[in-house]
Ligand SMILES: C[S@@+](CC[C@H](N)C(=O)[O-])C[C@H]1O[C@@H](n2cnc3c(N)ncnc32)[C@H](O)[C@@H]1O
């Protein structure tokens, strides 16, 4: 196995959110490409590559060994953050899972309310459910961006606990901090939401109204504050 690790645009965007010098826990690491890349490029001094299943963790161990990173990266069996202590990681990456599972993993983290911890999240599906959960549970979105990888559009966001629970307007779970009116990649990501809402609209006209409002937002950045 080569000792070089190449990140696709999706994992590269996750990497760009990691704070320089942060100790990282990569939850659901599978192949462990992200922690190896972060340590190899000296963004992180050390990392924990965690997975709930032994088979993906074994894949991760191979990548870590091939990169000669055993002294800086530990592969650990863990359901979410259950087996990772509070003082072991500053930035917690949860990538490549559904938005609802990501929310469940944060909800089960005993120290998620430590505001020093930064969660870097890359939902493959249901990003709107994740944003709703974060808003309802006192997390603030610090930053959000999108990328295209293998012809698909993805979003990555970072969040930390402030204790402020806000009721977002109807658009926020779909738009987050994205600026589709000036960024084509953001627009294409939100277009995916619009397309899904249009399909759902066949059973419920409220989805059609939401899709219309999202299109307006993509066009000119205006939000219909009456839509809650
Ligand atoms: C599709 S892979 C994503 C790999 C990598 N994070 C990425 O984005 O390319 C999802 C991984 O999450 C792991 N996983 C699922 N639920 C988990 C949990 N509760 N705790 C830790 N890992 C979990 C799975 O075993 C699987 O290896």
Residues satisfying the stated conditions in the range 93-111, i.e. within 23 Å of residue 45 (Cβ to Cβ) and either without any contact (Cβ under 8 Å) to a residue 24 or more places away in the chain or away from the ligand (no atom under 11 Å from the Cβ) (or both):
111
When only residues in the range 32-42 that are more than 17 Å from the chain's Cα centre (by Cα) and either touching a residue at least 60 places away in the same chain (Cβ under 8 Å) or within 19 Å of residue 84 (Cβ to Cβ) (or both) count, which is farthest from the ligand (Cβ to nearest atom)?
39
For the range 147-184: of the residues being in contact (Cβ under 8 Å) with a residue 40 or more places away in the chain and assigned to a helix (DSSP H, G or I), which is surrounded by the fewest Cβ atoms within 10 Å (Cβ to Cβ)?
172
When residue 70 is run through (1) in contact (Cβ under 8 Å) with a residue 12 or more places away in the chain; (2) not in a helix (DSSP H, G or I), the failure sits at (1)
Which condition does residue 76 not pass, out of (1) within 15 Å of the ligand (Cβ to nearest atom); (2) outside any strand (DSSP E or B); (3) surrounded by fewer than 19 Cβ atoms within 10 Å (Cβ to Cβ); (4) touching a residue at least 12 places away in the same chain (Cβ under 8 Å), if it passes all the others?
(2)
Can we say residue 131 is within 15 Å of the ligand (Cβ to nearest atom) and closer than 20 Å to residue 179 by Cβ?
no
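Each reported figure results from applying straightforward, stated rules to the coordinates on display, with no laboratory input. The model shown is predicted, which means the values in this text are computed figures rather than measured ones. Using ideal geometry, Cβ is built from the backbone for each residue, glycine included, and neighbour counts are taken over all protein chains shown.
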